[in-house]
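A quick write-up on the structure given underneath.
The values are calculated or read from the model by the stated rules, or taken from the named source; none is laboratory data. The structure presented is a predicted model; accordingly, all values stated were derived computationally and were not measured. Heads up, the Cβs are rebuilt from the backbone with ideal geometry, glycines too, and the neighbour counts pull from every protein chain shown. For the accessible areas, the whole protein counts, side chains as well, though only heavy atoms, and no ligand, DNA or RNA atoms are used. Shrake-Rupley method; radii C 1.70, N 1.55, O 1.52, S 1.80 Å.
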Amino acid sequence: MINIKEIKKQLEQANSLCELEALRINLLGRQGVLNSYLKDLKNLPLDERKKRGEELNLIKEELECIISKKIEAINRSLLLERLKKDSIDPYLPPFPINIGRMHILNRVINKIIHVLERLGYEAVEGPEVETEYYNFEALNMPLHHPARDMWDTFYLNNGKLLRTHTSPIQIRAMEANKLPIKIIASGRCFRRDNPDASHSPIFHQIEALYIDKGVSFAHLKGTLEYFARSMFGREQKVKFILSYFPFVEPGAEVAVKCVICKGRGCITCKQTGWLEILGAGMVHPEVLERQNIDYKIYSGFAFGMGAERIAMLMYGINHIRHFLDNDLRFLNQFKYNLED
Ligand code: DAH
């Protein structure tokens with residue numbers, strides 16, 4: 001006869017799913033203990049067979065029930081064990097999330113654009129691959145004009161060139177716009193300069209142009225004083241130094257009080273107390289006339305600056321290379337918006 005007590009004890013002691021499965025096969029499987037008793041039933045007299053059959057079925061049901069409960073219990077204890085091992089600590093600080101942000105140079109460029117947009121300038125762009133006409137000729141530098149040497153130029157095989165400055169956008173604006181014109185343009189420029197701390201073959205310029213009736217040098221001065229104060233602080237002073245650019249007359253270099261030493265003299269300003277930050281001037285009548293703008297009625301001013309130079313001065317950055325390297329150790333220093 002089946003020793004049900006002994007079987008229950010064995011089931012109770014089983015503590016892995018494997019062991020339990022082996023026991024189940026041994027008891028309830030096709031070749032199992034229970035089936036062998038059921039097979040023997042046919043040898044018994046009818047009434048005994050019935051009784052014995054009912055008994056065996058009850059035992060089978062009981063064993064199945066015990067086994068499924070045991071499986072559940074083992075699974076639960078396995079789960080608890082795993083949870084204990086994999087437990088998470090909700091009080092740990094989270095992994096840092098690196099959120100991308102705009103490149104510091106683009107942020108400086110945008111700030112410059114916003115400052116001038118407040119005066120009514122409209123932001124425009126122009127092509128990086130230019131023709132000699134826009135880069136030189138229309139800017140009052142005909143072929144063989146010696147002033148072309150002021151810009152070491154990358155010429156392309158197709159007769160075009162990489163623009164050396166953003167000034168060609170002035171010409172495109174004069175062609176496209178009705179008067180008055182008030183635009184600000186920014187973008188990449190290219191020169192065959194030897195790279196050093198302040199020169200790179202690829203750099204960015206920002207250019208402004210204002211043409212209307214009665215625009216004078218006083219307007220240019222006022223605009224640049226406002227610009228310098230907005231970028232470098234309320235107290236900022238501006239100085240105009242006579243200079244030459246073929247497309248303006250008179251032309252000037254504009255300097256601000258050295259932002260590093262506040263005018264006392266340091267290596268950045270070469271002990272002069274002043275930093276030249278841009279070129280400017282009154283648009284040359286020759287340039288206006290070429291674009292069929294009557295220079296007896298209209299006049300204008302223009303100015304252009306290197307974006308990297310402005311950013312370097314604002315943040316004390318010592319090498320232009322940093323803007324192109326995209327080293328995260330450099331970029332991550334500028335976490336906050338300029339407005340913050
Ligand atoms: N395009 C000049 C340069 O790259 C800078 C410049 C000078 C721009 C005078 C101007 C200007 O608009 O009026 O050196």
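Annotations
- The phi torsions of the range 241-249, fed into the Karplus equation with coefficients 6.51, -1.76 and 1.60 and a -60° offset, translate into couplings of 10, 4, 8, 10, 9, x, 9, 9, 7 Hz, rounded to whole numbers, with Gly and Pro shown as x.
- Start at zero, step by 5 Å, and the Cα-Cα distances of the range 80-213 spread as 2, 9, 14, 16, 14, 12, 8, 4, 3, 3, 3, 3, 4, 3, 2, 1, 0, 0 percent across the bins.
- Relative counts (whole %) of C-alpha pair distances in the chain, using bins that are 10 Å wide: 5, 18, 21, 12, 5, 3, 4, 5, 7, 8, 7, 4, 1, 0
- Look at the alpha carbon pairs under 8 Å that are at least 6 residues apart: their mean separation over the length of the range 104-331 gives a relative contact order of 20 percent.
- Applying 0.36 nm per residue to the separation of Glu62 and Ile2 and subtracting their alpha-carbon distance, the gain on full extension is 20.3 nm.
- Here the simple spin-label model places points 7 Å from the Cα toward Cβ, and for Val33 and His219 these points are separated by 10.8 nm.
- Helical segments meeting 18 Å axial Cα length and Kyte-Doolittle 0.5 threshold in the chain (DSSP H): 104-117
- Relative to the Cα centre, the charge distribution of the chain, modelled as +1 at Lys and Arg Cβ and -1 at Asp and Glu Cβ, gives a dipole magnitude of about 1020 debye.
- Taking 4.7 Å between beta carbons as the limit, the unpaired Cys residues of the chain are Cys18, Cys65, Cys189.
- Stretch gain in nm, segment Thr131-Phe154, where the contour uses 0.36 nm per residue and the Cα spacing is subtracted: 7.1 nm
- Of all beta bridges that DSSP places with both ends in the chain, some 95 percent have antiparallel geometry.
- FRET efficiency estimate (nearest 0.05) - Cβ-Cβ, Ser243 to Leu143, R0 22 angstrom: 0.40
- Straight-line cross-link partners of Lys213 among the lysines, defined as a Cα under 20 Å from its Cα and at least 8 positions apart when in the same chain: Lys178, Lys182, Lys221, Lys296.
- Amide H contacts under 5 Å for Ala252, placed H, 5+ residues apart: Ser243, Ala280, Gly281
- Positive contributions from Lys and Arg (+1) and negative ones from Asp and Glu (-1), summed over other residues with Cβ under 11 Å from the Cβ of Glu132, come out at +1.
- Sites Glu117 and Leu92 - FRET efficiency at Förster radius 45 Å, r taken between beta-carbons, to 0.05: 0.45
- The chain, accessible area per residue, ligands and nucleic acids excluded (1.4 Å, Å²): 61
- Computed from the C-beta positions of Asn177 and Tyr226, the FRET efficiency with R₀ = 22 Å rounds to 0.45.
- With semi-axes defined as the square roots of five times the eigenvalues of the C-alpha gyration tensor, the equivalent ellipsoid of the range 4-85 measures 33, 11, 9 Å, largest first.
- Packing, as the average of other Cβ atoms within 10 Å across residues, places the peptides 129-135, 177-183 in the order 129-135, 177-183, highest first.
- Within the straight-line cut-off of under 27 Å between alpha carbons, the lysines reachable from Lys70 are Lys5, Lys8, Lys9, Lys60, Lys84, Lys85, sequence neighbours fewer than 8 places apart in one chain being disregarded.
- Taking 0.36 nm per residue of separation and subtracting the current Cα-Cα distance, fully stretching the chain between Gln271 and Ser198 would add 24.5 nm.
- Carbon and sulfur %, accessible surface of the chain computed with the full protein complex present, 1.4 Å: 52
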